[in-house]
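As structure tokens, the structure follows; a few thoughts come after it.
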Amino acid sequence: MKALRNVLNKMKPAFQEGGKFAKLESVFDGFETFLFTPNTTSRSGSHIHDQNDLKRTMITVVIALLPCLLFGMYNVGYQHFLAIGEASASWSTMFVFGFLAMLPVLMVSYGVGLGIEFVCAQIHHKEIQEGFLVSGMLIPLIVPINTPLWMTAIATAFAVIFAKEVFGGTGMNIFNVALVTRAFLFFSYPSAMSGDKAFVKTDGIFGFGEGTVVDGFSGATPLGQVATNVGESLAPIKDVVGSHISASDAFWGLIAGSPGETSMAAILIGGAILLLTGVASWRVMLSVFAGGLVMGGIAYGFSTPTYPASMLDPVAQLCYGGFGFAAVYMATDPVTGARTKAGQWVFGFLIGVLAILIRVYNGGYPEGAMLAILLMNTFAPLIDHVVVSRNINRRLKRAHTQS
């Protein structure tokens, strides 16, 4: 590391004012602070700093996302080989296929998003922001694997520009950037974001994994199947070849869905990393699950065939779809969520309630986590304002009483 530090020190003057590459100073600064914690100190006043700056925080979140990413790659391959009747393929073969399928999406997400961030930093003569380190990872995990790359590129560009940069960049946006990307795709290209062909990759990649899908193949997700249930009771949920899905399959994630959202086990591992490192709020995370259980229980208690999703038991509601992923990685975004302790309880609980409410009673959209979080992103400042105002009024009353 010392040798790398020396190399950067020699290169640095060329990127500073008056240097040959002065116009690229923000680019060099971005790479330097990514590799090393800045050693600048305050010149005046009293300040307390530690080495855990924003870049280190973002990297911690990326590390917490790795269990979902790695399992998502495996499950993409597993669903593919299951669909073409080769479920006996080795786990390494399945993983390599999933890796090849997701790599282009990761490259497009980071390429477009970071490219826009670099350009904006140069235009405004500011440091390159670190927030997209996380958003760039989240986007490939929440979009269906068969989403065309050009759609992902357009949606990512829209989200970075209109949900982030116009508000001032990292730390200033009011909506979660990754969810805005997903929302743009859903409302602009609904046919590519739902249906039997969106969530299971059936074509080969570079000649690898070629095959013909088996008879009776269906790529519908569990929630997609529930939404089209027409019986008096809930029909068994099946995988892509018609076999029944067990509770274990749903927990471990061996089901069709967006790459990062299927495995509750991988999500909980990532959640544990976020909580142990103090990056995510346990209040938000816990209250989202609590709100989902409460609303799921109410819906289940008043279940009716008119709303098939109401016949899912509350625990199954949390395991299917993107609820768990949203609770752990999306709702806990400190920038777009509530910041007061009491506000975090209210913010998270309402997300859980709204997510299940939309899922159960909106026949046109079998998943509600995305819309619930984007809606509560709007109300987060109001929730904090009410909490702070109540605290101020309570203290004023106590002050008047004592006087």
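The values are calculated or read from the model by the stated rules, or taken from the named source; none is laboratory data. Small disclaimer: the values here were computed from a predicted structure and weren't measured. As a convention, Cβ positions derive from the backbone with ideal geometry for all residues, glycine included, and neighbour counts pool all protein chains shown. Just so you know, the surface numbers come from the protein's heavy atoms only, side chains and all, with ligands and any DNA or RNA stripped out. Shrake-Rupley method; radii C 1.70, N 1.55, O 1.52, S 1.80 Å.
If you bin all the Cα-Cα distances of the range 294-334 at 5 Å, starting from zero, the percentages per bin are 5, 25, 23, 19, 13, 9, 4, 1.
Taking amide hydrogens as placed 1.01 Å from N in the peptide plane, the amide H of Lys238 sits under 5 Å from those of Ile245, each at least 5 positions away in sequence or on another chain. Summary value for the range 205-244: 44 percent relative contact order, contacts being C-alpha pairs under 8 angstrom separated by 6+ residues.
Across all C-alpha atoms in the range 162-223, the radius of gyration and Dmax reach 17.4, 52 Å. In sequence order, the range 306-322 has phi-based couplings of 4, 10, x, 5, 5, 7, 6, 6, x, 5, 4, 4, 7, 7, 8, x, x Hz under the Karplus curve 6.51 cos²θ - 1.76 cosθ + 1.60, θ = phi - 60°, and Gly or Pro positions carry x. Remark: the chain carries a charge dipole of roughly 1700 debye about the Cα centre, counting +1 on each Lys and Arg Cβ and -1 on each Asp and Glu Cβ.
By the gyration tensor of its Cα atoms, with a ≥ b ≥ c the square roots of the eigenvalues, what is the shape of the range 238-306: rounded for a/c under 1.5, prolate for a/b over b/c, or oblate? Cα axes put the range 238-306 in the oblate bin. In this structure, the pairs whose alpha-carbon distance is over 31 Å, taken from Lys2/Lys164; Lys164/Lys238; Lys238/Lys341; Lys55/Lys397; Lys55/Lys341, are Lys2/Lys164; Lys164/Lys238; Lys238/Lys341; Lys55/Lys397. Calculated [222 nm] ellipticity per residue, helices only, for the chain: -19000 deg cm²/dmol; basis is -39500 (n - 2.57) per DSSP H run with n ≥ 4, divided by all residues, nearest 500.
In this simple spin-label model, placing a label point 7 Å from the Cα along the Cα-to-Cβ direction at both Val315 and Ala153 gives a separation of 4.6 nm. Would you mind classifying the range 161-277 by shape? Square roots of the alpha carbon gyration tensor eigenvalues, ordered a ≥ b ≥ c; an a/c under 1.5 is rounded, otherwise it is prolate if a/b is larger than b/c and oblate if not. Since a/c reaches 1.5 and a/b is larger than b/c, the shape of the range 161-277 is classed as prolate. Couplings 3J(HN,Hα) for the range 392-398, derived from phi with the Karplus relation 6.51 cos²θ - 1.76 cosθ + 1.60 (θ = phi - 60°), are 5, 5, 5, 5, 5, 5, 5 Hz, where x marks Gly and Pro. Annotation: amide H-H contacts under 5 Å for Tyr307 (H modelled 1.01 Å from N, sequence separation of 5 or more, or interchain): none. Expressed as a rounded percentage, what relative contact order does the chain have, with Cα pairs under 8 Å and six or more residues apart? In percent, rounded to a whole number, it is 15.
Tell me, what are the semi-axes, in whole angstrom and largest first, of the equivalent ellipsoid of the range 226-373 as set by the roots of 5 times the Cα gyration tensor eigenvalues? The partial results should precede the final answer.
Working: eigenvalues 142, 66, 25 Å².
Semi-axes (√(5λ), whole Å): 27, 18, 11.
Working note: Debye formula, equal point scatterers on the alpha-carbon atoms of the range 68-181, no solvent; log10 I(q)/I(0) at q = 0.16 Å⁻¹ is -0.72. Converting phi to 3J(HN,Hα) with the Karplus coefficients 6.51, -1.76 and 1.60 and the offset θ = phi - 60°, the range 377-391 yields 4, 5, 8, 4, x, 5, 4, 5, 4, 5, 4, 5, 4, 5, 5 Hz in sequence order, with x at every glycine or proline. Can you tell which of Gly111, Ser233, Ser263 lies farthest toward the positive end of the dipole of the chain, using +1 and -1 charges on the Cβ of basic and acidic side chains (Lys, Arg; Asp, Glu)? Checked the options; the winner is Gly111. Using a 10 Å Cβ count of at most 10 others and DSSP loop calls, identify the longest part of the chain lacking such trypsin sites (Lys or Arg not before Pro). In short, 44-403. Considering only Val346, Met73, Phe289, and ranking their Cα positions along the charge dipole of the chain that arises from unit charges at the beta-carbon of Lys, Arg, Asp and Glu, the one farthest toward the positive end is Val346. If you roll a 1.4 Å probe over the chain with all protein chains in place, what percent of the accessible area is carbon or sulfur? On the chain, the fraction of accessible area on carbon and sulfur atoms equals 65 percent.
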